[in-house]
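See structure below.
The values are calculated or read from the model by the stated rules, or taken from the named source; none is laboratory data. These numbers were taken from a predicted model, which means no experiment stands behind them. So basically every Cβ, Gly included, is an ideal-geometry build from the backbone, and we count neighbours across all protein chains shown. Note: accessible area is taken over every heavy atom of the protein model, side chains too, but ligands, DNA and RNA are not part of it. Shrake-Rupley method; radii C 1.70, N 1.55, O 1.52, S 1.80 Å.
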Amino acid sequence: MAGSQHGVVTRAQLLRAGVTLAELEHRLGTGALLPVHRGVYRAGHLAPSVEARYLAAVLACGEGALLSGRAAAHLYGLLKGSAPPPEVTTRTTRRVPGVRTRRSRQLDDATTWRAIPVTTVARTLTDLAGDLPLDALARACHEAGVRYRTTPADVEAVLARRPNTPGAKKLRHIIRGDTRVTLSKLEKRFLQLLRQEGLALPHTNRRAGGRRVDCRWPERKLTIELDSYQFHHSRHAWEQDRRREREARSRGDEFRRYTYGDVFEDQEQVLRELRLLLPAG
């Protein structure tokens, strides 16, 4: 049982499986079971994983509870860095030490990821909207699209069910491409070069055709993709890049592709091309 739940079990599960109260107390006394929350135990392991910590928090919050917010975003890989504290959404008010809980009557946007009940990717983005600054929220939306193919329509569907979501306006600006955002050091440096040269700035990370493109000047019919090895070394990424290029050319755009080395190490070559392609800003 514990092996299928990241080494975590509940008192109720043990009793249903036939473990008696005396046996349960004996296992607690010998360290075979280690208390995590009230009625939730680790089965003998002293170094729990992030998944074990998150699942224990969900189980402690009762039936129907879901990992949510920043914790859910970390589990999905939408937020980088160290794991945030457990955050759980429940239908009823719960107070669990060490767990941030929130109450919501709407828990329809539920799924399971890595054997943990969690809010869907689209619902997770709406929960983040009120907490994250613009660029961090944009990066999370970008990761959701790349990793899980979450679309603006998916997010809009959640917002339609939750019209009073904090940060909804900011989130809509991002998914509709109405706000200029940068997602990486490469993009930030590229925009710095444009500003230093007094060149016109592009629309960034907006949809053109069926896909988001890094930089586009619609009035100049110019598309530029910025390729870092970190995000473009897989076969899937390589194929997506080729499709973006074909789509750019099919809509009549001039197309350029610059790498990390181009922008950080060989700037003059890039700038010579850009001065010919772009007007002064």
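Taken together, the criteria exclude residue 134 from residues that are in contact with a strand residue (DSSP E or B) (Cβ under 9 Å, 6 or more places away or on another chain), within 29 Å of residue 270 (Cβ to Cβ) and in contact (Cβ under 8 Å) with a residue 12 or more places away in the chain.
Pull up the stretch 95-111, narrow it to residues that are open to solvent by 90 Å² or more (accessible area, probe 1.4 Å) and modelled with pLDDT of 90 or more, then point me to the one that is farthest from residue 66 (Cα to Cα).
97
Quick check: is even one residue across the stretch 67-74 under 26 Å from residue 105 (Cα atoms), under 20 Å from the mean Cα position of the chain (by Cα) and outside any helix (DSSP H, G or I)? The answer is yes; a qualifying residue exists. Only one of the numbered conditions (1) open to solvent by less than 60 Å² (accessible area, probe 1.4 Å); (2) free of Cβ contacts under 8 Å to residues at least 40 places away in the same chain; (3) within 30 Å of residue 38 (Cα to Cα); (4) not small (Gly, Ala, Ser) is not met by residue 159, and that is (3).
The lone criterion from (1) at pLDDT 95 or above; (2) surrounded by fewer than 16 Cβ atoms within 10 Å (Cβ to Cβ) left unmet by residue 89 is number (2). Of all residues in the stretch 61-81, those being open to solvent by 60 Å² or more (accessible area, probe 1.4 Å) and at pLDDT 95 or above number 1. For the stretch 103-128, taking the residues that are within 19 Å of residue 147 (Cα to Cα) and in a loop (DSSP other than H, G, I, E, B), the one that is farthest from the chain's Cα centre (by Cα) is identified as 115.
Here residue 201 fits the description: open to solvent by 20 Å² or more (accessible area, probe 1.4 Å), modelled with pLDDT of 85 or more and touching a Leu at 6+ places or on another chain (Cβ under 9 Å).
For the stretch 137-156, residues that are part of a loop (DSSP other than H, G, I, E, B) and either of a type in the set (Val, Ile, Thr) or open to solvent by less than 20 Å² (accessible area, probe 1.4 Å) (or both) total 2. The sole residue among 174, 224, 116 that is crowded, with 16+ Cβ neighbours inside 10 Å and within 30 Å of residue 93 (Cβ to Cβ) is 116.
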